Amino acid sequence: MVIKKKILCLLTLLYVLLSNVILLGSISIEIRIKVYLDSKISPVYENVSLLDSFAEAFADAKEGNARIVHVLNVSKETFSYKVNEFVPDENGTYIAYKGSYYQTNDRRRYSYDSKNKRYVPDKNGSYIYLTDYPWARKDEDRYIWYGLGSFYSKKSYTVTKEKYFIAGVVTDIDLSTFFVKSITPVFSSGDTLLSAIKNASKYYLSIVNEYSPDKIDVALVFEKSFNPILRAKILAKFQEDTRYNIYDRLYLKELMDIIRTTELFGGENIELKYKPPKFILSFENYFDKVDRYKEEKYYFFSNDVNGAYINKSGFPVRVEVGNYYRYDSSQKKYVLDREKGNYIKYYKGPWEKDEYISTSSFYDYIFYQTDNVYNFYSFSVKAISTESAEVVGGKFFSDSVHTTLKNPVDRFLSERVQSATENLWESYTSIAANVQKFFQSVFPLTTAVREVNNLDVQLLSGKNIGIKPNYVFAGIENGYTTGFMRITNVGDLKSSAKIFYIVPGESVKPNTFAIETKQYPVSLNLRASYFIDDESFGIRTGYAHADIYGNYNWSLTFGILFPYKNFSSTSIDTEIPMRIEYSKFLGLQNFEFNFGGYFTVLNSTSNSSTQLQDFGIFSGFTLSTYSRNSALSFGGSSFYTQLLIKIPLGNVGNLETIFTSNNFNLVIGIDTLF
């Protein structure tokens, strides 16, 4: 009995302790996270508590941090559109043909009776008779090879969908120092409100930009009229870059107003702290314009089976369906010829002289009224040094977005819808990326070379300044570029790189300077030439191997020649000489040794045959005017002269036959190495 009482007391004590821990945990979460909704957003949206949902989604703040989730936008767009779906159905009346569906009144299958030269009904046959096919030149063309294809039936219905859009800013603050650690914008969309909120938290986790004293301290200053969504998109791109410690001055003021009205810090009258910036990035002269309008236009859909219209300068013109004409020069008029004619007759306007046109493209059309949204916006940016008050960079940005909210996509009146919000946000993302690239050129990352081992380089900086894999750095010594290296691995305070180009006569050395660059040598390892000789003209293209100094060592190309006699001879036979050539660059790359093989393909129209003839090997040398475009790039262009001697394989033992003028070939051309 005493043991049972002791056990009961222990269980009661354990329950009290667990209750306190759970209570403390809930208080901790309540203290650390505050969701603030913009003034135009209701706390409850479609029976969903936004305060609770956002608090749960962003409840992963680190210990010692306070988190403010500022929700800027919660919106929904509803789409309604028509769908025509074709589904396999043994009782259906449609068949799939030429990328569309066509109706037939004959559901029988046929096979071809070669003996009687006609199609006969056969339940296992591979042909279908397409009854409504007026553009078939003869009745046999209406029999379509269909294999095991199914019949289809058409189902028409209307789809209604909803899409939710979320935009906000998540700010983490150190509770011990009230230092702003990060300001991270988030964006998302989803088919439901809760999925959009969940996607917003995933987006937040994808952007990692931790504070480092080695990064560039910048303050972003947006004028008050600047679009808040675009502002957040730009800030998000800056955070993705990870080379900055970023402070949005305008947002910090808003943040102070939020803090004054919340119990996040236990009611204390605190002031946020942040490191004074070295640069101010100013976003000014914002302008935007939104136009909504309706537009009526023709939509054309290809229908070469029974289409009754042609597209003439964007307008549908009705034609005489099913009739082909040819021009009879003896009668000086167009005559009906369904099998061989290549003209069709259209119903011309009173101002037109001709009523025949050569075409094989026919259409159905729909005259459709669309609702459209046109967005235009522009702004300017500049970077200002807080130490010298000098403008170190500036640029003007603008973009326009045209969205057709709904339009037809096929001749059955199926429709497609687009979201004006989604298109505009995509434009914001694109222009924010351009802003990011511009400021990357204004603030390139800089570090030092610690160690060089062959082509492997160790740099003295890593995540602490924002280096990422695949960034390219140029080695600098005494103000001159020595080579280029690509980042392979990044640590907290160091990174590894691989040298892919060395300036001729230079080398990348330890204890030298390295600076990020977006302009660097790129070799496509390609070669292309255009040439002529006394019998033909031709082209060659292929692979060219270059070393790390940009010097080309060898190339392997394939060439095709076009004999002049093919264009002047009345012969119905066509010769197509071809060759495979290996070239070895020597000296200053103005001299090459050449070796390869050649053969000629003869196409004979008279007996519909293709033959391989006149094959052998060749050797020779090339002199060129080649010079590199730059010491900081691969490749260049040149004029060249090539002397080759051909050795027909059928005459190897007859030296007199080999060393004839016919086997010496002088070539001149233009050559380009990439």
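So the check is Cβ under 9 Å with 6+ separation or different chains; which pairs have a first residue in segment 506-534 that's farther than 30 Å from Glu451 by Cβ and a second one that's modelled with pLDDT under 90 and among the polar types (S, T, N, Q)?
Filtered contacts from segment 506-534: Asp533/Asn665; Asp534/Asn665.
So Ser400 passes all but one of these: (1) free of Cβ contacts under 8 Å to residues at least 60 places away in the same chain; (2) among the polar types (S, T, N, Q); (3) not in a strand (DSSP E or B). Which condition number does it fail?
Among (1) free of Cβ contacts under 8 Å to residues at least 60 places away in the same chain; (2) among the polar types (S, T, N, Q); (3) not in a strand (DSSP E or B), Ser400 violates only (3).
Return the residue satisfying two criteria in turn: it lies in segment 272-283 and is out of contact with any helix residue (DSSP H, G or I) (no Cβ under 8 Å at 6 or more places or on another chain) and not in a strand (DSSP E or B), and of such residues it is modelled with the lowest pLDDT.
By that ranking, first place goes to Lys275.
Can you tell me which residues in segment 452-493 are among the aliphatic types (A, V, I, L, M), touching a residue at least 40 places away in the same chain (Cβ under 8 Å) and in a strand (DSSP E or B)?
Hits for segment 452-493 are Val452, Val457, Leu459, Val472, Ala474.
Filter segment 356-394 for residues that are of a type in the set (Val, Ile, Thr) and assigned to a strand (DSSP E or B); which is nearest to the chain's Cα centre (by Cα)? Outline the logic, then answer.
We begin by selecting, within segment 356-394, every residue of a type in the set (Val, Ile, Thr); these are 357, 359, 366, 370, 373, 381, 384, 386, 391-392.
Okay, now just the ones that are also assigned to a strand (DSSP E or B), so 357, 366, 370, 373, 381, 384, 391-392.
Numbers: Ile357: 39, Ile366: 31, Thr370: 28, Val373: 24, Val381: 26, Ile384: 34, Val391: 34, Val392: 32 Å.
Here the answer is Val373.
Just for segment 180-203: of the residues that are within 25 Å of the chain's Cα centre (by Cα), under 17 Å from Ile234 (Cβ atoms) and surrounded by fewer than 23 Cβ atoms within 10 Å (Cβ to Cβ), which one is modelled with the highest pLDDT?
Step by step, filter segment 180-203, then rank; the result is Phe187.
Looking only at segment 284-328, how many residues end up being farther than 19 Å from Asn407 by Cβ and assigned to a strand (DSSP E or B)? Let's see the steps before the verdict.
The first filter runs over segment 284-328 and keeps only residues farther than 19 Å from Asn407 by Cβ, leaving 284-290, 304-308, 310, 312-313, 317-328.
Then drop every residue that is not assigned to a strand (DSSP E or B), which leaves 284-290, 310, 312, 317-319, 325-328.
Number of matching residues: 16.
Given the options Ser638, Ser627, Ser633, Ser619, name the one that is of a type outside the set (Asp, Glu), under 30 Å from Ser507 (Cβ atoms) and part of a strand (DSSP E or B). Even if it seems obvious, please write down each step before you answer.
Details: Ser627 fails: part of a strand (DSSP E or B); Ser633 fails: part of a strand (DSSP E or B); Ser619 fails: under 30 Å from Ser507 (Cβ atoms).
The conditions single out Ser638.
Could you tell me how many of the residues in segment 419-451 are among the polar types (S, T, N, Q) and touching a residue at least 60 places away in the same chain (Cβ under 8 Å)?
In the first step, residues of segment 419-451 are kept if they are among the polar types (S, T, N, Q); the result is 419, 421, 423, 427, 429-430, 434, 436, 440-441, 446-447.
Adding the requirement that they be touching a residue at least 60 places away in the same chain (Cβ under 8 Å) leaves 419, 421, 429, 436, 440-441, 446-447.
Residues meeting the conditions: 8.
If you take the residues of segment 497-512 that are touching a Gly at 6+ places or on another chain (Cβ under 9 Å) and outside any loop (DSSP other than H, G, I, E, B), which of them is nearest to Phe634 (Cα to Cα)?
From segment 497-512, those touching a Gly at 6+ places or on another chain (Cβ under 9 Å) are 499-504, 506-509, 512; that's our starting set.
Add one more test, that the residue is outside any loop (DSSP other than H, G, I, E, B), and what stays is 499-502.
On the way: Ile499: 15, Phe500: 12, Tyr501: 9, Ile502: 11 Å.
Across segment 497-512, the extreme among qualifying residues is Tyr501.
Can you tell me which residue in segment 527-549 is farthest from Glu581 (Cα to Cα), limited to those that are touching a Leu at 6+ places or on another chain (Cβ under 9 Å) and assigned to a loop (DSSP other than H, G, I, E, B)?
Here the residue is Ile548.
Name every residue in segment 505-532 that is crowded, with 17+ Cβ neighbours inside 10 Å and acidic (Asp, Glu), in order of residue number.
Glu516
Report, by residue number, each residue of segment 149-174 that is hydrophobic (A, V, I, L, M, F, W, C) and touching a helix residue (DSSP H, G or I) at 6+ places or on another chain (Cβ under 9 Å). First the steps, then the outcome.
So the first thing to find is which residues in segment 149-174 are hydrophobic (A, V, I, L, M, F, W, C), and the list is 151, 159, 165-167, 169-170, 173.
Phe165, Ile166, Ala167, Val169, Val170, Ile173 - these are the residues of segment 149-174 that are hydrophobic (A, V, I, L, M, F, W, C) and touching a helix residue (DSSP H, G or I) at 6+ places or on another chain (Cβ under 9 Å).
Across segment 322-369, which residue is nearest to Phe300 (Cα to Cα) among those that are loosely packed, with under 14 Cβ neighbours inside 10 Å and hydrophobic (A, V, I, L, M, F, W, C)?
Phe367
The values are calculated or read from the model by the stated rules, or taken from the named source; none is laboratory data. If you're wondering where the values come from, they're calculated on a predicted model, not measured in any experiment. A quick note on method: Cβ atoms are made from the backbone with ideal geometry, for glycine too, and the neighbour counts reach across all protein chains shown.
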